[in-house]
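Reviewing the structure listed below.
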C-alpha cells in the first residue's frame with residue numbers, strides 16, 4: 001500500500017514517533033524509511049533524542065530545511081517505486097517548460113500566414129512530414145564557417161570518408177551537410193543557442209551550460225569482390241613469386257584489394273553526447289523523413305538538453321549551498337559547545353575562589369586568637385593567607401569579573417554564535433544514508 005505525505009507531514013511524523021515504529025506502520029525497513037527522508041531532505045532525530053524524551057528532558061529538533069524543488073514536496077512511501085528519480089523529474093519538467101516557453105516566444109514573433117481552424121491544425125500536425133530539401137548556401141552561418149572550412153580541406157580516406165572532430169561522413173555528403181549545418185545554426189539562433197566547433201567537436205551552448213553534438217553517416221561493410229584489373233595484377237604477382245621460389249629466391253606477398261568495402265548510404269544522423277535521461281538524443285534520415293524535415297525538432301531537442309543541464313547544475317549548486325550552510329551551522333554548534341565548556345570552567349573557578357575566600361577568612365579569624373603564642377613561622381603563614389585572601393577578593397571584584405568576561409567573550413551581545421534555526425542534526429546521523 002502506498003502512503004502519500006507532504007514533506008512537512010512526514011517531518012512531523014518522524015519527530016513525533018520513533019523511526020523504527022513508524023517504519024513498521026508503513027511495512028518497510030527503518031533503513032528504507034531513513035533513506036526516503038534523506039532523499040527528500042527531511043531531517044530525522046539523532047542518537048539519544050528519544051532517550052532524552054523518555055527521561056523527560058528537553059531535546060532540540062532540527063528544523064525542516066527549505067528547498068526549491070517542487071517535486072520533492074510530495075513524498076510517496078510504499079507501493080511501486082517512481083520510475084524517475086525526483087531530482088531528474090524536476091530537471092525534465094524544467095527543461096520541458098523552457099522548450100514550451102521558447103515555442104511560444106517564436107510563435108509570438110512569427111507573422112501568421114492564414115488563420116486556420118483547430119481541425120486543420122490537428123490534421124497538419126498528425127500528417128507525416130514530407131521530405132525537405134534545402135537549397136545550397138554560398139555563405140554558411142558564421143558559427144559553422146570554421147567547421148565548413150575544415151570539411152572542405154579534409155582529405156578523404158581510402159573509402160572516401162571525411163572525418164573531423166564531431167563529424168564523420170562520406171565526401172559526397174559534404175555539400176548537403178554544410179547546408180544543414182547552416183540552417184541548424186539559424187534555428188539555434190532563434191533559441192539563443194550558440195553553435196561552435198573546436199578540437200573536441202561540435203558544441204552548442206547557453207552559457208555556462210553546453211551540449212556536444214556528433215554527426216555521422218550510416219554505412220555498411222561488405223566483403224570486397226576484386227575487379228578484373230585487380231585480379232590480373234594479383235595473378236601476375238603470384239606468377240613472379242612462383243618463378244622466384246623455383247630459383248630459390250623470395251618475393252614478399254602483396255595485397256591488391258581491400259578486404260572489405262564500406263558502402264555509404266547517404267543517411268545522416270545527429271546525436272547528442274551528454275544527453276538528458278529519458279529524452280530523445282538521436283535524429284536521423286528515415287524512409288519518410290529527412291534530417292532537414294526534423295530541423296525544428298532537433299533544435300528544440302538541443303534546447304531541451306541544455307535546459308536539463310541548467311536545471312541539474314542549479315540543483316547541484318543549491319545542494320552545495322545547503323551542504324555549506326549545514327557545515328557552517330555545525331561549526332557554530334561546535335563553537336557554542338566549546339564556549340559552554342569555557343563558561344562552566346569560569347563559573348567553577350569563581351565558585352572555587354568564593355569557597356576558598358570563606359575558608360581563608362575563617363582560618364585567619366581563628367588564628368588571631370593564638371597569634372601571641374605562636375611561632376614566627378606560623379605568623380608568616382597567616383600573613384601569606386591574608387595576601388592570598390586579598391588576591392582572591394580582587395578576582396571577585398565586579399570590574400575584574402567584567403574584564404575577564406569581555407576578554408574571553410563568554411556572554412557577547414549580540415551573540416555571534418547564535419543559530420536562529422536551532423541546533424543542527426549530528427554530522428554522522430545513524431539514520432542518514
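Once you've got the GNM for the chain with C-alpha springs shorter than 10 Å, pick whichever of 234, 197, 76 has the biggest mean-square fluctuation. Result: 234 has the largest fluctuation of those listed. When the Gaussian network model of the chain links Cα atoms closer than 10 Å, the mean-square fluctuations of 19, 53, 272 top out at 53. One Cα centroid belongs to the range 43-57, the other to the range 274-288; the line between them spans 53 Å.
Applying 1/(1 + (r/R0)^6) with R0 = 25 Å to the Cβ-Cβ distance of residue 104 and residue 132, what FRET efficiency is obtained, to the nearest 0.05? The value I calculate is 0.60. By the count of neighbouring beta-carbon atoms within 10 Å, fewest first, 15, 65 end up ordered 65, 15.
The calculated FRET efficiency for the pair residue 29 and residue 65, based on their C-beta separation and a Förster distance of 35 Å, comes to about 0.90. Computed over the chain with a Gaussian network model linking Cα atoms closer than 10 Å, the most mobile of 319, 236, 352 is 236. Helix-only arithmetic for the chain: the sum of -39500 (n - 2.57) across DSSP H runs with n ≥ 4, divided by the residue total, places the mean residue ellipticity at 222 nm at -17000 deg cm²/dmol. In plain terms, the chain from residue 387 to residue 364 could stretch by 7.2 nm, reckoned as 0.36 nm per residue minus the Cα-Cα distance.
Here, each number is a calculation from the coordinates, and none is a lab measurement. Worth saying up front: this structure is predicted, and the values here are computed from it rather than measured. For neighbour counting, all protein chains shown are included, and Cβ atoms are generated from backbone atoms with ideal geometry for every residue, glycine included.
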